[in-house]
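Here's the structure we're looking at; comments come further down.
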Amino acid sequence: MHELSIAISLIEQIIQESAAREELRAGAIEAVHLRLGVFSGVDKDALLFSYGLACEGTPLEGSRLEIEAVPLVVHCMACDADRSPPSVWQICCPDCGTPAPDIVSGREIEVRALEIAA
Amino acid sequence: MSTRIVEVRAKVLKQNDLLAAELRRRFQLEATCVVGLVSSPGSGKTAFLEKLLAALGREHSVAALVGDLATENDAARLKRATPNVRQITTGTICHLDAQMVERALNEWQLPAPEFLFIENVGNLVCPSSYDLGEELRFVLLSATEGEDKPLKYPTIFNSSDVAVITKMDLAQAAEFDLAAARRNIQSVRPGMQTFEVSSKTGAGMREVAEYLVQRRAQLQPADHAQAALAQ
């Protein structure tokens with residue numbers, strides 16, 4: 001399980017962003033909104049569990065972690081369109097079945113926004 | 001209490017990705033072809049690497065960084081093939097990250113080899129999230145593990161460039177279905193280059209070594225251009 005390492009990196013990243021942008025320091029951070037790709041290799045529940053532990057003793061202690069799952073999207077060369085494959089173990093176009101090695105999205109581990117107390 | 005939402009858009013592993021990009025530039029400038037190895041524990045990474053180091057080492061300079069939670073056993077084994085081996089013991093961490101690789105290389109002070117292998121901790125989940133700056137990531141799957149491993153661990157197979165099926169000398173005894181394994185690899189990573197090897201008999205090792213020599217040759221024109229730019 002590497003979700004604790006991910007949670008620690010997440011908190012460090014937010015502390016860095018806050019240091020760089022004044023508007024993020026205007027109030028306490030109530031929640032962190034994260035985009036998590038289904039192909040990121042990170043488990044949502046394990047990350048939620050780890051986040052609580054990793055926040056202890058940091059400015060983020062007591063904050064919520066809101067995770068938005070980002071679906072896997074590939075580019076089908078045959079249809080010239082972005083499509084969601086049938087499953088994470090069948091990386092092909094759901095319409096025409098053509099193998100689609102180009103991943104458009106689904107690998108993200110990305111902070112989208114912070115919720116700041118006003 | 002009211003809150004307001006402030007857009008951020010920041011990658012969580014930005015620090016790792018930046019460091020990995022820096023390592024990749026460094027490897028390119030030094031014309032080192034860097035190969036990461038990932039697999040489940042016990043699928044034969046170290047035996048494969050020992051044979052590959054010996055095969056490539058006859059005509060090329062080679063080195064290996066090996067990651068494990070504990071012990072230096074793997075480094076000791078690989079030293080039978082080349083003296084240029086360094087162990088990274090991660091303690092309780094289940095994967096290598098770019099910082100561990102950078103630190104190990106800086107402490108090591110090894111003259112840039114033609115090929116550097118980075119053997120990750122045996123784990124088919126966690127290493128997939130961490131870029132180490134490698135040129136190629138090899139994922140190993142042994143014939144004794146079953147042909148459906150790629151379907152069960154699609155993320156690591158998809159994030160790898162080359163699949164190597166190991167322990168082919170045991171394939172018959174394990175009733176390993178090679179055609180199904182190849183099909184499953186192509187299902188999770190269309191177009192993936194695949195090799196079948198036996199570290200024990202040496203079968204298939206020459207093909208892997210030749211492939212790497214070719215890959216390194218393809219690196220070089222761009223490297224020289226970059227090296228010239230850097231001067």
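The values are calculated or read from the model by the stated rules, or taken from the named source; none is laboratory data. The shown structure was predicted, so the numbers you read here are calculated from the model rather than taken from an experiment. Neighbour counts are summed over all protein chains in view; Cβ atoms, including those assigned to glycine, are modelled from backbone coordinates with ideal geometry.
Assorted remarks:
- Output for the range A:61-87, where each listed residue is part of a loop (DSSP other than H, G, I, E, B) and surrounded by fewer than 17 Cβ atoms within 10 Å (Cβ to Cβ): A:GLU61, A:GLY62, A:PRO71, A:MET77, A:ALA78, A:CYS79, A:ASP80, A:SER84, A:PRO86
- Hits in the range B:175-206 - residues which are touching a residue at least 60 places away in the same chain (Cβ under 8 Å) and hydroxyl-bearing (Ser, Thr, Tyr): B:SER199
- Top-ranked residue of the range A:88-118 - restricted to ones that are more than 9 Å from chain B (Cβ to nearest Cβ) and among the small types (Gly, Ala, Ser), ranked as surrounded by the fewest Cβ atoms within 10 Å (Cβ to Cβ): A:GLY97
- Among the residues listed as B:ARG216, B:ARG206, the single one being within 17 Å of B:GLU134 (Cα to Cα), in a helix (DSSP H, G or I), among the basic types (Lys, Arg) and modelled with pLDDT of 95 or more: B:ARG216
- Number of the exception - B:HIS95 against (1) within 30 Å of A:VAL32 (Cβ to Cβ); (2) in contact with a His (Cβ under 6 Å, 6 or more places away or on another chain); (3) more than 14 Å from chain A (Cβ to nearest Cβ): (3)
- Within the range B:145-168, considering residues that are touching a residue at least 60 places away in the same chain (Cβ under 8 Å) and assigned to a helix (DSSP H, G or I), the one nearest to the other protein chains (Cβ to nearest Cβ): B:ILE156
- Residue in the range A:71-84 that is within 13 Å of another protein chain (Cβ to nearest Cβ) and hydroxyl-bearing (Ser, Thr, Tyr) present: no
- Matching residues in the range B:106-125 - criterion: being over 16 Å from the mean Cα position of the chain (by Cα) and not in a loop (DSSP other than H, G, I, E, B): B:ASN106, B:GLU107, B:TRP108
- Screening A:ALA54, A:ALA26 for residues that are among the small types (Gly, Ala, Ser), surrounded by fewer than 15 Cβ atoms within 10 Å (Cβ to Cβ) and either within 27 Å of B:LEU18 (Cα to Cα) or in contact (Cβ under 8 Å) with a residue 40 or more places away in the chain (or both) leaves exactly one candidate, A:ALA26.
- When the range B:1-41 is limited to residues that are at the interface with another protein chain (Cβ under 7 Å from one of its Cβ atoms) and part of a loop (DSSP other than H, G, I, E, B), the one that is farthest from A:ARG21 (Cα to Cα) turns out to be B:MET1.
- All conditions but one from (1) at pLDDT 95 or above; (2) farther than 16 Å from B:GLU7 by Cβ; (3) within 8 Å of chain B (Cβ to nearest Cβ) apply to A:SER63; the one that does not is (3).
- Scan of the range B:169-185 for residues that are surrounded by fewer than 22 Cβ atoms within 10 Å (Cβ to Cβ) and either part of a helix (DSSP H, G or I) or within 20 Å of the chain's Cα centre (by Cα) (or both), ordered by number: B:ASP169, B:LEU170, B:LEU178, B:ALA179, B:ALA180, B:ARG182, B:ARG183
- The range B:77-105: number of residues that are among the basic types (Lys, Arg) and assigned to a helix (DSSP H, G or I): 2
- Of all residues in the range A:35-56, one or more are of a type in the set (Ser, Thr, Tyr), touching a strand residue (DSSP E or B) at 6+ places or on another chain (Cβ under 9 Å), within 25 Å of B:ASN123 (Cβ to Cβ) and facing chain B (nearest Cβ under 9 Å).
- Condition check for B:THR90 on (1) within 14 Å of chain A (Cβ to nearest Cβ); (2) in contact (Cβ under 8 Å) with a residue 60 or more places away in the chain; (3) polar (S, T, N, Q): one failure, at (2).
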